[in-house]
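Take a look at the structure set out below.
The values are calculated or read from the model by the stated rules, or taken from the named source; none is laboratory data. Because the structure is a prediction, the values reported are computed rather than measured. A quick note on method: Cβ atoms are made from the backbone with ideal geometry, for glycine too, and the neighbour counts reach across all protein chains shown. To get the accessible areas, we keep the full protein, side chains included, count just its heavy atoms, and leave off ligands, DNA and RNA. Shrake-Rupley method; radii C 1.70, N 1.55, O 1.52, S 1.80 Å.
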Amino acid sequence: HLEAPELVEPVTTNESYRPVTYGRIGNVNTGVGVVVPTDYCHFFTSSVQLSEIKVSVGEYVEEGQVLALVDTEEAKKNIEALNAELSLKDYVWSIKEDIYEYDLSELTYKHMGYTEKNDTVGAEQIATEIAILKENHSFDELMHQYEVDNINKRIEEEQKVLNDGTLVAKKSGYVTYVKNLSDSDM
């Protein structure tokens, strides 16, 4: 049977050490509510392959702490593939440009021929074909530029992943969820 230790009186007399007294304390306001912590989701903006997750559920992390590492070899492969795709698009576009120039010069010569023979009906028909060819080329050029811009944007995103290769905590707090790498490392 253990005995309770003797109560030691503190030297200081701040509020937490004062003896309990009975009396009027004034107005008391109480409120009822639910405390919900702020969530900060951390993720990469592009699809990446993770090599390591450095935190676990329940762990407290400081702002700026590294949460996960990226497999940079995968990012390098993605950049190489995107650069190859870009080269192919440029090569195909240069061939389409040559075909357009050839077709335009052919129609221009036909138009000049009809004009020299004073065949206004034929000249108008060829002028319409030239206008359609130019309009289609303009659309193709816009589409090509859109595709090239899209690939360049994806290359930039992959380059950011390659340059940094880490996912960093935006705010301090507790980790509540971590992706399971056994399912997929993407």
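Of note:
- Only listed residue being open to solvent by 60 Å² or more (accessible area, probe 1.4 Å), among the basic types (K, R) and closer than 30 Å to E62 by Cα, chosen from K134, K160: K160
- Any chance E141 is of a type outside the set (A, V, I, L, M) and closer than 30 Å to E106 by Cα: yes
- The residues of region 37-80 that are under 13 Å from Y174 (Cα atoms) and of a type in the set (A, V, I, L, M, F, W, C), listed by number, are C41, V55, V57, V61, L67.
- Members of region 137-157 that are open to solvent by less than 70 Å² (accessible area, probe 1.4 Å) and hydrophobic (A, V, I, L, M, F, W, C): V148, I151, I155
- Top-ranked residue in region 53-93 [being within 20 Å of the chain's Cα centre (by Cα), acidic (D, E) and over 18 Å from N150 (Cα atoms); ranked as most open to solvent (accessible area, probe 1.4 Å)]: E73
- Candidate set from region 94-130 (those that are among the polar types (S, T, N, Q) and open to solvent by 60 Å² or more (accessible area, probe 1.4 Å)); member that is farthest from M143 (Cα to Cα): N118
- The residue pairs whose first member lies in region 146-175 and is in contact (Cβ under 8 Å) with a residue 24 or more places away in the chain, whose second member is in a helix (DSSP H, G or I) and small (G, A, S), and whose beta carbons are closer than 7 Å, counting only pairs six or more residues apart or on different chains, are E158/A75; V161/A75; L162/A75.
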